[in-house]
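Just below is one structure, and these are the notes that go with it.
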Amino acid sequence: MVSRFLNSRYFIITRIVGVFKMKQTIWVTFFAAAFGALFGVFVAQDRAVTPAIAEQSSVNDPGALSTVSDTATVDQTRYTAEELVNFNVYDSTNRGVVHITTRSARTSAFLLFETPTEGAGSGSVLDRDGHILTNNHVVRGAREIYVRLYNGEEYPAGIVGSDDLNDLAVLRIEAPQEFLHPIKFGDSAALRVGQKIHAIGNPFGLERTYTVGIVSSLNRQLPTADRRTMKSIVQIDAAINPGNSGGPLLNNQGEMVGVNVAIASKVGESSGVGFAIPVNTAKRVVPQLIENGRVIRPDIGITRVYKTEEGLLIATVAPEGPADRAGLQGFKLVKTRTQRGPFIYEQTRVDQSQADLIVAVDGQAVINVDQFMTVIESRQPGDEVVVTVIREGQRQDVKVLLGGE
């Protein structure tokens, strides 16, 4: 089972964002320079656009650059059909991938002072208004956020909206439109196990790194920080590492089908087991983040439940909330008075006998909070749901009109 795998002592789920103390930047730069002597890559000075950047728009676009790897001009007889697909995917999308760096501070538990830290991740250009899609964990808690485009230009960014549950965030930068090359959304529902996929990101600060793999599995689940579960996760074997978080997962047509989010590894680096948030989730979330700054989810007005073998026992409901107005019942506080001689003793006890036990919502059985919230959050504020409960030993259906958070 996936849950056993994710909780295995042999593997840990790692959000693939690069984090390091600011004083370590010199070491990273030195290492990158030495590495670059062999491979021509410099982490700290990678400001110039590499020759592999291809045309994504018209040659009349003032922001476009000519390139030697444009698949329309290469001698196609020298390459395999598979290689030509790879060229086309990279050439048509790499300028829409950005390098995100963050600056924040961590408080020392012992010395009680703040240590400056930096983080790094990836993102995708959503539109020419400057909206950038990334993972929420890449920018969570950051005091400063910077976005570097394909041409080396760097801009300060602000958070437009974020969603902890789906680990997605939308940033915005003020950049010339000719520098912004949006990546088109595809359809993650069309993904098949064994399908070829492509990933572009900035592992270890190496900008616009391209890797290839296949879809290893679908509908995986990942735990979140608040003990909820991210569902419908895409498992891939393309190499992704710290710094790839928030980068796009692409199909052969160069369409984004996922947002790379995590890896399962013994050492915190790629082991061939990576995970991506399906792009159809982003399609639902992004418009709300841009419009409202958050995802407005339906509220049923049940504030506390206890998990039992039969279902969820309602402990408390919000006064005058949807559940309360519908007549759903939680625990009751019962006060009793006892007189002993001249003294009167007052006691308060919790009566669970009248509390409703939730067993289903809209005909779907629920045995834990995650299943219950998944059904509720698939609806919209104002929708009516039917909550099936056991009350005094009898099964009853209660209609509840959902509110909004």
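Observations, loosely collected:
- In whole percents, the pair-distance distribution calculated for the stretch 233-304 from its alpha-carbon pairs, binned every 5 Å from zero, is 3, 15, 19, 18, 15, 11, 10, 6, 2, 0.
- For the stretch 299-404, the extents of the C-alpha atoms along the principal axes are 59, 28, 22 Å, listed from largest to smallest.
- Pairs of Cα atoms nearer than 8 Å and 6+ residues apart set the relative contact order; for the stretch 247-333 it is 15 percent.
- Using the average count of surrounding beta-carbon atoms within 10 Å as a protection proxy, the listed peptides 143-154, 120-131 rank, highest first, as 120-131, 143-154.
- Rounded to the nearest Hz, the phi-derived 3J(HN,Hα) couplings of the stretch 168-183 under the Karplus curve 6.51 cos²θ - 1.76 cosθ + 1.60 (θ = phi - 60°) are 10, 8, 10, 9, 9, 10, 9, 9, x, 4, 5, 8, 9, 10, x, 9, where x marks glycine and proline.
- By average C-beta atoms within 10 angstrom, highest first, the peptides 161-168, 190-197: 161-168, 190-197
- Listed peptides 198-205, 372-379 appear in the order 198-205, 372-379 once ranked by packing, highest mean of other Cβ atoms within 10 Å at the front.
- As a proxy for reagent exposure, Thr134, Thr101 were ordered by neighbouring Cβ count within 10 angstrom, fewest first; the result is Thr101, Thr134.
Any read-out appearing in this document is the output of simple, stated calculations on the displayed coordinates, not a laboratory observation. What you see is a predicted model; the values in this text were computed from it and never measured. Because the Cβ atoms are built from the backbone with ideal geometry, glycine has one as well, and the counts that use them run over all protein chains shown.
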